[in-house]
Amino acid sequence: MIDSNAKVLLIYTGGTIGMVENAETGAWEPFNFSHLRLNMPEIKRLKFTVETYLFDPPIDSSDMSLSIWQQMVRVIEDHYNVYDGFVILHGTDTMAYTASVLSLMLVNLTKPVILTGSQLPVGKLRTDGKENLITALEIAADKDAAGRPIVPELCIYMQNLLMRGNRTIKINANNFSAFTSPNYPYLGEAGLNIQYNNQFILKPDYGKPVYFNYAMDPHVVILKLFPGISEAAVRAHLEIPGLKGVVLETYGTGNSPIYPWFTELLHNAIEREIVIVNVTQCLYGGVEMHRYENGQRLEKLGVVSGYDVTTEAALAKLMILFGEGKTPAEVNRLMPVSLRGELTVRE
Ligand code: ASP
């Protein structure tokens, strides 16, 4: 039910949705918000209030950084009590990373924060941006019969699908259906109406105060395995000065080679209290290290399971937990635990 008194803050960070073509180079470049507004008169026809906050200059999301994530959270914190929901316009390239990070920076969230963007700028005739934006705004304003937000969590809405943000992956560089949530059901689907899958939506404790976590530690890395990976390449990753956490992208149910040099490098890293999280390279399913000898070897070394977490969410979790000053032992304990519904534990 759309509440006509609802107020939604639309935060424009950049991305294709608001870009225009550079006449000389032909490349799409971030452009100012007045251009977006000009191409979106539909916003005025919504039955609730939409106010805007602009990042200046807007960015291509490939330029995303820790400090820009902190700025986004600052904007939400500064406006949290005034608005019923938030929509963040964001480039699709790093949207799944932002969704994962923000889901952990916003603690005890009780309002919708919906990320959306588009694959074609709003100025283009066939743009996907208009539908994405209008529906995201409606979702942010939607309330249940008790006047509570229907989706009080951090989501991505793209091409008719509403997804838990920290479960998403960008899967297509060209199609409008650019995202999926491989290991968690969609929270909703927009057709003639928006159908919410209420049983999968987080139920916050409204008695707990929201708070905003700004601390992040950049001493993390992703190490993706491939057959033939060299000792030098693995060493270069694991011996980065100051390194605290590694997302180890393994094969299948969490398997890696068991060459002596590989095992030794991992063993040495774990001895140095580096947290190593096992995440599968597969899109669907998750890590079950006990299944094969090669997986068991990792478990014995002290590699922790990320279960069905995405690489993006595992990385975000390491950044945030270390940022909060947690010890390696605490981070090891929390990585396989669901904090915001980002993973499902399966034994
Ligand atoms: N490069 C753009 C960005 O992520 C792509 C997009 O918006 O979809 O900002």
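The table that follows gives values for the structure above.
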| quantity | calculated |
| --- | --- |
| Table column - 3J(HN,Hα) (Hz), the stretch 245-253, Karplus curve with 6.51, -1.76, 1.60, x for Gly and Pro | x, 10, 8, 9, 8, 9, 8, x, 7 |
| Residues Ser118, Ser100 arranged by fewest to most Cβ contacts within 10 Å | Ser118, Ser100 |
| Inter-site label distance for Asp3 and Ala23 at 7 Å from Cα along Cβ, in nm | 4.7 |
| Prolate/oblate/rounded call for the stretch 53-143, Cα gyration tensor, a/c under 1.5 rounded | oblate |
| DSSP-loop GluC sites (Glu not before Pro) across the stretch 1-54, with at most 11 other Cβ within 10 angstrom | Glu24 |
| Fraction of alpha-carbon pairs over 25 Å apart in the stretch 1-152 - percent | 26 |
| Distance between the stretch 156-199 and the stretch 205-253 - C-alpha centres, whole angstrom | 25 |
| Span per principal axis, largest first, for the Cα atoms of the chain (Å) | 65, 55, 34 |
| Extension gain, Lys300 back to Ala233 (0.36 nm per residue minus Cα-Cα distance, nm) | 21.8 nm |
| Value of [θ]222 nm, deg cm²/dmol, for the chain, DSSP H segments ≥ 4, -39500 (n - 2.57) each, nearest 500 | -8000 deg cm²/dmol |
| HN-Hα J in Hz across the stretch 299-310 - Karplus 6.51, -1.76, 1.60, θ = phi - 60°, x for Gly and Pro | 4, 5, 5, x, 6, 9, 7, x, 6, 9, 5, 7 |
| Over the stretch 189-320: Rg over Rh, Cα atoms, Kirkwood Rh | 1.08 |
| Compactness of the stretch 183-241 as Cα Rg over 2.2 N^0.38 Å, two decimals | 2.05 |
| Derived scalar couplings ³J(HN,Hα) [the stretch 212-224; Karplus, 6.51 cos²θ - 1.76 cosθ + 1.60; whole Hz; x for Gly, Pro] | 10, 9, 9, 6, 9, 10, x, 7, 9, 8, 10, 10, 9 |
| Cα extents of the stretch 17-73 along the three principal axes, largest first (Å) | 37, 33, 13 |
| For the stretch 122-263, the Rg and Dmax computed from alpha carbons only, in angstrom | 20.7, 61 |
| Likely footprinting exposure, Val73, Val220, Val309, fewest C-beta neighbours within 10 Å first | Val73, Val220, Val309 |
| Contour minus Cα-Cα distance for Val337 and His219 (0.36 nm per residue) | 40.4 nm |
| Total charge dipole magnitude, the chain, about the Cα centre, Cβ charges on Lys, Arg, Asp, Glu only, Debye to nearest 20 | 580 |
| Exposure proxy ranking, count of Cβ atoms within 10 Å, fewest first, for Leu125, Leu283 | Leu125, Leu283 |
| Computed Rg/Rh of the stretch 109-166, alpha carbon atoms with Kirkwood Rh | 1.04 |
| Other-chain or far-sequence residues with amide H under 5 Å of Thr180's (modelled H) | Ile169, Ile171 |
| Loop-located trypsin sites (Lys or Arg not before Pro) in the stretch 62-140, at most 11 other Cβ atoms within 10 Å (DSSP) | Arg126 |
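Just so you know, all these numbers are worked out from the coordinates, no wet-lab data involved. Bear in mind the structure is a predicted one, so any value in this text is a computation, not a measurement. All Cβ positions, glycine included, derive from the backbone under ideal geometry; neighbour counts span all protein chains shown.
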